[in-house]
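Student: One structure, as structure tokens, below. Some questions next.
Read the figures in this text as sums done on the coordinates, not as results from a lab. Please read all numbers here as calculations on a predicted model, not as lab measurements. Cβ atoms come from the backbone with ideal geometry, glycine included; neighbour counts cover every protein chain shown.
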Amino acid sequence: MFDRLRAQFSNLYDRVARTELKGKDLDNVLDEFQLSLIENDVAVSAADFISNELREKLKDVQFARFTDPRTRVKVILQEVLLSLLQRAGQLDIFALIEKKKSIGEPAVLVFIGINGTGKTTSIAKLAHILQKKGRTVILAASDTYRSGSIEQLEEHARRIGVRVIKHQYGADPAAVAFDAVNYAKAHRINAVLVDTAGRMQNNKNLLEEMRKIVRVTNPDLTILVVDALTGNDAVEQGKVFSEAVKIDGIILAKLDADVKGGSAISLSYIMGKPVTMVGTGQKYDDLEPFQAEAIVRNLIG
């Protein structure tokens, strides 16, 4: 995970350790580093932030005799990356569900994102983890457009042992979600996880259906699921979806297979919304809370 970006960071440590930290020498090193970030799917504005912060923090650094300059550079880069990743704050899905449970109401979570991002699988993983925590869950099959989508969700539900609320293909997706919320209220279910169609960003009709689902269910959270492997396209998806509905948080799926790491660094900064969970494998347990410190440790080496 993040192999290429980690290699670029290591190269930065070496170059800064050999460079006089002022003037054009430092500028040249950081300009090249900024380009390497962009080549590894870090969005341009995020790369600007990192390089500018490094320039400010490094230009007045004096390395003590007999110390390793690389170590000092690592510490500075760690501070910059943490600042970047933590700017959007934090979102704890489990705490929200507990809060709703304490007042006897179901937490309603709507999941959006294009086909192939791992959205339905992420929903199943979250449902599985909630059950392990002793919470009750139902799934709403509000993707009534894509052939096989309902069966896919039902198969996940069968494996983890949860109920699916569904209608026929072609039915109103908002009606499915509405029925699921009412069922949860009647049966004191703790969480409703709504699966929506994998809407292409430029399909206005489907985006309007997504808005309708949000209006009808008034969800506690709307979660955008993106594939970490899509790089800067994930950032573009986030921008378009956030223009259609209010997004509260992000799940980065398939993060374990991301050799570049740019999406993990960029997405929260660009959208101003926290990454709340990350997909780390194929099993139902492989969905973990996003921890900025762990991501930075992995990147820094």
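Student: Taking the chain on its own, what percent of its Cα-Cα pair distances exceed 36 Å?
Tutor: It works out to 25 percent of all Cα pairs.
Student: Select from A174, N298, L26 the residue farthest towards the positive end of the dipole of the chain; place +1 on Cβ of Lys and Arg, -1 on Cβ of Asp and Glu, and compute about the Cα centre.
Tutor: A174
Student: Per DSSP H run of n ≥ 4, the term is -39500 (n - 2.57); total these for the chain, divide by its residue number, and report the mean residue ellipticity at 222 nm rounded to 500 deg cm²/dmol. Mind dumping the intermediate values first?
Tutor: Details: 12 runs with 162 residues, N = 301.
Taken over the chain, the calculation gives -17000 deg cm²/dmol.
Student: A further question follows. How big is the dipole moment of the chain about its Cα centre under a simple scheme where the beta carbon of each Lys and Arg is +1, that of each Asp and Glu is -1, and everything else is neutral? Debye, nearest 20, please.
Tutor: 760
Student: Quantify how much of the Cα-Cα distance distribution of segment 27-137 extends past 20 Å, in percent.
Tutor: Values: 3802 of 6105 pairs.
Above the 20 Å cut-off, segment 27-137 has 62 percent of its Cα pairs.
Student: Return the long-range amide H neighbours of S142 (sequence gap of 5 or more, or a different chain), with a cut-off of under 5 Å between placed amide H atoms.
Tutor: D195
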